[in-house]
Structures are given as C-alpha cells and as structure tokens.
1. Can you pull out every residue in region A:69-89 that is free of Cβ contacts under 8 Å to residues at least 40 places away in the same chain and open to solvent by 70 Å² or more (accessible area, probe 1.4 Å)?
2. Just name the residue that is farthest from the other protein chains (Cβ to nearest Cβ) out of those in region B:275-301 that are out of contact with any strand residue (DSSP E or B) (no Cβ under 9 Å at 6 or more places or on another chain) and aliphatic (A, V, I, L, M).
3. When the residues of region B:112-121 are narrowed to those that are in a helix (DSSP H, G or I) and not hydrophobic (A, V, I, L, M, F, W, C), which ends up least open to solvent (accessible area, probe 1.4 Å)?
4. Residues of region B:256-274 being within 17 Å of B:GLY239 (Cβ to Cβ) and either more than 10 Å from chain A (Cβ to nearest Cβ) or open to solvent by 10 Å² or more (accessible area, probe 1.4 Å) (or both), which ones?
5. Take A:ILE193 and decide whether it is within 18 Å of the chain's Cα centre (by Cα) and aliphatic (A, V, I, L, M).
6. Tell me which residues, restricted to region B:21-57, are of a type outside the set (Val, Ile, Thr), over 18 Å from B:ILE275 (Cα atoms) and out of contact with any Leu (no Cβ under 8 Å at 6 or more places or on another chain).
7. If a residue must be open to solvent by 50 Å² or more (accessible area, probe 1.4 Å) and over 22 Å from B:GLU11 (Cα atoms), how many such residues does region B:122-144 contain?
8. Of all residues being modelled with pLDDT of 95 or more and more than 8 Å from chain A (Cβ to nearest Cβ) in region B:243-255, which is surrounded by the most Cβ atoms within 10 Å (Cβ to Cβ)? Just the residue, please.
Number of protein chains: 2
Amino acid sequence: MPLPTSVKLFEMSPRDGLQNEPGAIVPTATKIALIERLAKAGITHIEAASFVSPKWVPQMGDAVEVMAGIKRQPGVVYSALTPNLKGLENALTVGVEEVAVFGAASEAFSQKNINCSIAESLVRFEPVLERAREAGVRVRGYVSCVLGCPYEGEIAPAKVAEVAQALYEMGCYEVSLGDTIGVGTPLAAKRMIETTRQQVPIEFLAAHFHDTYGMALANLYAVLEEGVSVIDAATAGLGGCPYAKGASGNVATEDVLYLLEGLGIETGIDLQTVIETGYWITNELGRKPSSKVALAKGSSR
Amino acid sequence: MPLPTSVKLFEMSPRDGLQNEPGAIVPTATKIALIERLAKAGITHIEAASFVSPKWVPQMGDAVEVMAGIKRQPGVVYSALTPNLKGLENALTVGVEEVAVFGAASEAFSQKNINCSIAESLVRFEPVLERAREAGVRVRGYVSCVLGCPYEGEIAPAKVAEVAQALYEMGCYEVSLGDTIGVGTPLAAKRMIETTRQQVPIEFLAAHFHDTYGMALANLYAVLEEGVSVIDAATAGLGGCPYAKGASGNVATEDVLYLLEGLGIETGIDLQTVIETGYWITNELGRKPSSKVALAKGSSR
C-alpha cells in the first residue's frame, strides 16, 4: 500500500500534554496563547480542553474559560474531552463543535482509570453521543492501551478492534488508537491496525502513540504504510516528565512533521512555527522541548 | 521482503561514542571496563579504539593500552579504526583482528574531515587494506554522510553506492553506511539502500544511524524491511552532547535491541545487561543514558 499523500495532524498539547505536566497548573492565559499559536502554525485540529471534574484533574479546571477565551480561527477545530453528560453540557455552553470520549482496550486499565468495565464505559458514552448528535457536535473516540497495558501486559488486536468498532457504530466519526504507555513496536502496531481496519474504515482511524520507549516514530512509519492518515501528537512532546522512569510523553509534533516532510506527506503545517511554539511553551514550564528535531534545529530567537 | 530473522549488532560506544563525548578524557581503565561489560552482555562486535594521531583525537590516545588491556572473550571481535598505515601498524602490535577505514559520500565532508577528496581517501586506504590482508586482519569500511552532509546538503544515493562499491572491491568485508548528522527519513534510507545493494550484496551492508533528529529507529525499521541485517549502535546513545544544538549521538543500543525484540529478531544480546552498562558508563560521565528504553525501564541498582 502506498503511503498517504497527506496527513491530518491532531494536536494534543493543550489537553493530553498540559494535563500530564508535572508541577504547577498552567495559567489560563498561557493555555489560550498556546492554542492560538498552534492554530497560527497551520494546525487545524486542536484538543483544547477537558471537561472533567476539577477534583479529578485540577489542571483542566479552567476548561470553560479556555474554550471561551480562544480567538477562533476559521477552518480550525477546537475539541474538548467530555467523559460524561455533565462535561458535554458544560462544553456546549461555550459553543464547542467537537468533543471526545475516552475508552480503553484493557479491562484493568478501564477499571483503574475510569472506575468501570469497558462495557460499562460504552454504556456511559451513549447519552453523550446522543446529546452531541442533537447538538450537531462531532464526537471523537479514544481507545487507550492498544499496544499494551501497565496492568495486563499485551492486549489482543481483536480487543482493540472490538472497542473501536463499538465507538464507531455508536457514532464516533473517528477513533484514535492510543499506545498509552509507549511499549509498542512496528509489527505489533501494524497487526493492531490490520485487525482494527476490518471493523472501522482505515480513514477513520488515528494513531496516538507515546514515545516512552522511543518507538513512536518507527511505529508511525509502520502504520503509515498501512494507510493510516490521522496522527495525534503534542508540540514539544508535552505530557509526562521526559526524564523520569515511566515517562509517557506524547510523540512530539515537531518530530512527526519532520518525518512526514521527509516522506513527502503534506500536512499544511509550518514546522519552524511549531518549533518556536514548543520552545515558548516549555520555557513557560521551565524546561526544554522533548523534541529531538526542535533541539537539533534550535530556536531562531 | 521479510524482515531478517537475526541481526548482528556492532557496538560503537567505546570508539564513536567516547570519541565524541564532551568534557574530560575517559580513563583507560574505564574504557576497558566498558568493553568488557559490553562483551558480557552478549555483544560480539565491539569497536574498541581508534589508532589515530592523539594530536587529532586526544580521547583515543590510549588505543594501544586499551586494546592490550582488554580481557578478550572467545567469539567477540574487538575492532579498531585505523585511518592509515601507521595506525594499522600500531594496531597490529597489540594483536588486533579487525580494523576499519573511514570514508565519506560527500566531497565537502571528506575535505573537512580527513583533508582530502573521496578519490584520494580511497587511494590512501589501499596500502592499509593490503597490509591488513597480509596480516590476516579483516577490514570494515565506513561511509559517512550517506543521507545528508552538513556542507553539501542532500547526497545522491548513487554517490553512496559508488563509494561503498569501491571499499567493497578494495577488500572491505562489510560496509557501514552512516547517517552522520541524523537527518535522514525512512524513504530516503530505503532508496539509499536500494541503490547501494546493486553494488554491494545486502548482507555486507550495515546501517549506522545517528538519532539527532529522532529518526534513527524509524530509519532502521525501514532498512530492515530492505533486508539490512547489521546495525551499528552505541550503548546509552554515547557520542555527542544529547541536549545541545547539532547534537549527533549514535542511536542507543538499548533502543535498537528493544525494537528488534519487538520485531522478533534475534541478537543474542541481553537488553537489561546493556541497560545497566549504560547507566554505569553515563554515571562515570556524570549524566544519564540517552536511551528512552533505559530511562523507561530504569536501572535495577
């Protein structure tokens, strides 16, 4: 199969990135500035916030303020994670046009992460999907632990396919497949996609790979060969502490863009602007980007 | 083409790694201990030293002491870089069984790095190859800048193939193709191999990729798909400063081993022993391993 000619990059840094940053909570104004800079770089899909209980994720407690504060650009989708109906209702008050629900391919991870079985989580998503449909809001589905689970170890590709199919049939327009702990390798990633595409058309599958073991780009290359054309990434590799044991940063947007440019795959995104944005936000966080491309190319400022 | 069932890993840390480490010169005893630990992990090919003028590379000034000091294990090849006849003669005094010569696929890089044209460098290698043949010593050939040059930019695959062919026909038993500045991406790596294998049988080609732009593992996966079955790597990603602009560390042996294990490819090397060796040597150097696998798995000590 030929590589795709273009890829849709889904930017995760404002949500999956900052949510997992160690240290202090990032100011609302900084989050808004980050989102606006990312849009300026040409990124058209940005996960901007998470409407979860601030008791659980205090880093995302300002979701309403963030979503309301963004100066929206035409052609850019600002999505938000809404794990339940209450979150969705809150998101709707600030005119969100796309939301996301978050499931798992591992029973143990589902229990530990969202306190219910996979089947129960799908039941919980139903009213969210229904209300979103009424409101004319698109829903993205996430499946975590698709290449391994911290509690269960290996995950069968058939299980990933089953959960992805359920989300797709429930109405999710796209299903993002997450190697949450970054343990996957290319053939495993290929097999997982080969199995899942039997249930969900390949154009509606996204690869969401973490770089914990340095495998993310090799795995992305492998699934591009399978025809995957949507990739999740976070500028500067935000999310998780890059130098600690069990670090679990998202693959860096800069590195993904460099890979795609080298493969002749279009994204419409300006790499150097993303690099500058990564230096800016990590400077705000008191560190350097976790992107080798950013470190190699450097900031022009 | 199916992936190879086994890969020969050629360990670079004692030479290409320590040679490029910033900071103080590593004590001879530490070099010897590193080499012995690597052999204990199951690594059977180790580039142990460089017989160059200490005026040029003071870090390698103790090549004779290192080579003489190693407690050699049966089945392990301890090779040395010998850019000229004088270097080879010195290496022969300590019973080296394999040496290496170092050429480039870029005229500008050849001039800057070894002060002569590519053609002149090949002429200089001839007496080295001849003397090595007389002494019953195998010679490995390196070609640098195979996927890009800091002075010339892109390098034509045909140029790489031409230099690799010259080294092979001159008597090098294996030709290692180096992405010296780590700028390559998977399709470029594939094309370079496809062209070069027309001149040198694939089983005699090695991939020597640096991870400066984070592409090394993706590129290795791509060339494994082409049938390459020899990979150069350095434990802990030694070589070059990992966090500076223009950093140019070798791909980490730990990360390569994790990739290969995931692909079901045999190496005979124990990953955890290499991880411990990486923590030990970087601790000696006052830093942490530049291997995501090492950081994620941690040291057991």
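1. A:LYS71, A:ARG72, A:GLN73, A:PRO74, A:LYS86, listed by residue number.
2. Within region B:275-301, the match that is farthest from the other protein chains (Cβ to nearest Cβ) is B:ILE281.
3. B:SER121
4. Hit for region B:256-274 is B:VAL274, nothing else.
5. It is true that A:ILE193 is within 18 Å of the chain's Cα centre (by Cα) and aliphatic (A, V, I, L, M).
6. B:PRO22, B:ALA24, B:PRO27, B:ALA29, B:ALA48, B:SER53, B:PRO54, B:LYS55, B:TRP56
7. Looking only at that region, the number is 9.
8. B:THR253
The values are calculated or read from the model by the stated rules, or taken from the named source; none is laboratory data. This one's a predicted model, so the numbers in the text were calculated from it and none came from an experiment. When we count neighbours, we look across all protein chains shown, and the Cβ atoms used for this are built from the backbone with ideal geometry, even at glycine. Areas reflect the complete protein model, heavy atoms only, side chains present, ligands, DNA and RNA absent. Shrake-Rupley method; radii C 1.70, N 1.55, O 1.52, S 1.80 Å.
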